[in-house]
Each structure stands twice: as C-alpha cells, then as structure tokens.
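The values are calculated or read from the model by the stated rules, or taken from the named source; none is laboratory data. What you are looking at is a predicted structure, and each value in this text was computed from that prediction instead of being measured. Every residue, glycine as well, gets a Cβ built from its backbone with ideal geometry; the counts of neighbours run over all protein chains shown.
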Amino acid sequence: MKNKKINILAVFVKTMYLILIILLFYVVGVLVQINENRGDKEDNISKTEVVDSGDEVIFTSYFPGCNLLNSKCLDMECDSYDLCSDKKYLVCEIYDCGEEWGIGTKDKDGKTNIQRKIKDNKKKIIEVKGRCNGTVEILESNCVNERLEIETRVITDGNCKIEGFWIGYEEKGSSKPAKFSSLGNGLYLVVTNNCEKISEIIAMGENGISIK
C-alpha cells in the first residue's frame, strides 16, 4: 500500500514537471513572436519615414546625363515648384536635362510617374519674372461663416496675370491653396476654409512665380 502511494506521488510530480516544461516553451514562443512583430512594425515605420521625407533619390536612372536640381520639390521653397505643384506627391525630383526638365514623382499610393518637359524660352522667363515682381498687401481680414475673407492688393512691376493664392498658417506651419476672385484694380478677395491665424499670403503669377 505504501509503495502504491509513492508511485502515485512520483507520477504526479513527473506530470507537473512536464506541464511546467510545456508552459515554459509556450511562454518563450509567445515572447519571440511578440519581438518579431515589434521588429516588423519598427521596420515598416522606418521605411514609411524614408518615403515621406522625400530625401531618397529614386529616379536618377531614368534621367541619364541629367543633373539633379532638387530631390524634395514639395512646396514653394523650391524654385521649380510649378513643375510638380501637386500636394498628393511624397517625392518630386527635378532634373536639368539641357533643353528639357526631367520630372520624377511618387504619390501617397506609391504610384510613380516619369516625364520630360521642354524648357520655356529663357528670355520669356526673364520677361515674366520682371513683370511679376511685386508685393502682396492685406487690406482687411474678417471671419465670416467660419471662413476667412481676406481683401488683398497685389502690386507688380508690370502686367502680371494672377493665377492663384496660397495661405501660410502659423499653428500648422503649412501652406494651402485658397479660392479667390478679382475685385479689379489689383484687388482680390481671398477666401480660406477656416478662420485659423495665417502667417502669410502668397499670390501666384504666371509660370508659377510667387509674389509675397
């Protein structure tokens, strides 16, 4: 009877050890899987940040013999912004290919586009820049129905056609296009989609020339 009790106890102890070993393997496996998933997420975040930054040069092979002018032409700080002035782009690279511009873009969906554009006549560009050189003056600004209505005067050195307006916002540190209408005599009514405080207003002249 005593030996039977000892055997039962031995079996119980062995069973408990086996259960503990199985649980240990299970816990280790779960921890390994969690670390792998975390690493995959970190890799994905890193890759997304590289693409969003627009710092990587990805279109060089499409424009052999051309010089890269700007690898991140995404706002009006870029002199050639008129060549890729579309906010959907994450990457816009501008290349100088002699008599042509080389333009490579990549949008938020990862779709890429390659194109070449014949350069405008240099004399014409100089002439347009001379006419469109000027200033923008805010005469009045009012918040009406949750939209900012800005009466603006644009003064240029010559007859420059105004094709649009961009608004810079203080809090967001970004700029967005705004609707506008001409009031005549160089006066324009510019309307935004909200009443947030603005930092600047920029008029866009011919050939994408900015007037501040």
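Just one of Glu77, Glu99 is surrounded by fewer than 15 Cβ atoms within 10 Å (Cβ to Cβ), within 25 Å of Gly205 (Cα to Cα), charged (D, E, K, R) and in contact with a Lys or Arg (Cβ under 8 Å, 6 or more places away or on another chain); which is it? I'd like the intermediate steps shown before the answer.
On the way: Glu77 fails: in contact with a Lys or Arg (Cβ under 8 Å, 6 or more places away or on another chain).
That would be Glu99, the only listed residue that is surrounded by fewer than 15 Cβ atoms within 10 Å (Cβ to Cβ), within 25 Å of Gly205 (Cα to Cα), charged (D, E, K, R) and in contact with a Lys or Arg (Cβ under 8 Å, 6 or more places away or on another chain).
Which condition number in (1) modelled with pLDDT under 90; (2) within 22 Å of the chain's Cα centre (by Cα) is the one that Glu206 fails?
(2)
Is it the case that some residue within the stretch 127-134 is surrounded by fewer than 15 Cβ atoms within 10 Å (Cβ to Cβ) and in a helix (DSSP H, G or I)?
Yes, some residue in the stretch 127-134 is surrounded by fewer than 15 Cβ atoms within 10 Å (Cβ to Cβ) and in a helix (DSSP H, G or I).
Would you mention how many residues in the stretch 159-196 are in a loop (DSSP other than H, G, I, E, B) and either over 16 Å from Glu137 (Cα atoms) or among the hydrophobic types (A, V, I, L, M, F, W, C) (or both)? Explain how you work it out, then say what you get.
Taking the stretch 159-196 as the starting set, the residues that turn out to be in a loop (DSSP other than H, G, I, E, B) are 159-163, 170-174, 185-186, 192-196.
After this cut, where a residue has to be either over 16 Å from Glu137 (Cα atoms) or among the hydrophobic types (A, V, I, L, M, F, W, C) (or both) as well, the list is 159-163, 170-174, 192-196.
Qualifying residue count, the stretch 159-196: 15.
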